[in-house]
Amino acid sequence: MMTIVLTTISCTNAQKTEFSKESLSYELTTLEGTKTSFQSIIDANKGKKTVIEIWAGWCSDCVKAMPKVKEMQANNPNVNYVFISMDKSMDKWKEAVAKHELKGQLFWVNDEKMMKGEFGKSIDLDWIPRYIIVDEKGKILIYRAIETDFDKINNILKS
């Protein structure tokens, strides 16, 4: 019985190397209001390491981490950056993008359940900001990193 419990616990914290079918088929909204699948975003970034940040304008930890994100972008200009917002409305999202002068590919999860919605569940979202690092082939290098993991993130981007 103890083995089953330990196996279950260790598997839930495991780093995944690929996204679920549910997450890849999820449609995100662009700044222009068009829809695109998460799969299309991953495919469009093949050939470059990519940092995916799940964030929201209302999230104080996300806002506090913005200077470190900008520093990471400045130090790693050869990396693509994808920002996926969990804001409550498109207007709030657009305000936050402008306020924080985000540079990169910008998408919004249009789900009133936000983090607890379909997309959040499909990527095991339990905290924001959340960083996912994908390699040049679309394989996940880091599945679950948070704002305290910038040293680990930067080391992966440099390697």
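Note on the range 131-142: among residues that are in contact with a strand residue (DSSP E or B) (Cβ under 6 Å, 6 or more places away or on another chain) and not hydrophobic (A, V, I, L, M, F, W, C), the one that is surrounded by the fewest Cβ atoms within 10 Å (Cβ to Cβ) is D135. Scan the range 63-115 for residues that are among the aromatic types (F, W, Y) and at pLDDT below 95 and jot them down. Scanning the range 63-115 gives no hits.
Rundown of residues vs (1) open to solvent by 70 Å² or more (accessible area, probe 1.4 Å); (2) outside any helix (DSSP H, G or I); (3) touching a residue at least 24 places away in the same chain (Cβ under 8 Å), yes/no style:
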{"position": "L24", "(1), (2), (3)": "no, no, no"}
{"position": "L28", "(1), (2), (3)": "no, yes, yes"}
{"position": "G33", "(1), (2), (3)": "no, yes, yes"}
{"position": "K48", "(1), (2), (3)": "yes, yes, yes"}
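For first residues located in the range 135-159 and more than 15 Å from T17 (Cβ to Cβ), partners that are open to solvent by 50 Å² or more (accessible area, probe 1.4 Å) and assigned to a loop (DSSP other than H, G, I, E, B) and lie 6+ apart or on another chain with Cβ distances below 7 Å form the pairs I146/W127.
Collect the residues in the range 114-159 that are hydrophobic (A, V, I, L, M, F, W, C) and part of a helix (DSSP H, G or I), keeping them in residue-number order.
M114, M115, F119, F150, I153, I156, L157, listed by residue number.
Scanning the range 72-113 for residues that are closer than 22 Å to D151 by Cβ, open to solvent by less than 20 Å² (accessible area, probe 1.4 Å) and part of a loop (DSSP other than H, G, I, E, B) yields a count of 2.
The values are calculated or read from the model by the stated rules, or taken from the named source; none is laboratory data. Bear in mind that the values here come from a model prediction, so they are computed numbers and not experimental data. Reconstructed Cβ throughout: ideal geometry from the backbone, glycine too, with neighbour counts over all protein chains shown. All accessible areas refer to the heavy atoms of the entire protein, side chains included, with ligands and DNA or RNA removed. Shrake-Rupley method; radii C 1.70, N 1.55, O 1.52, S 1.80 Å.
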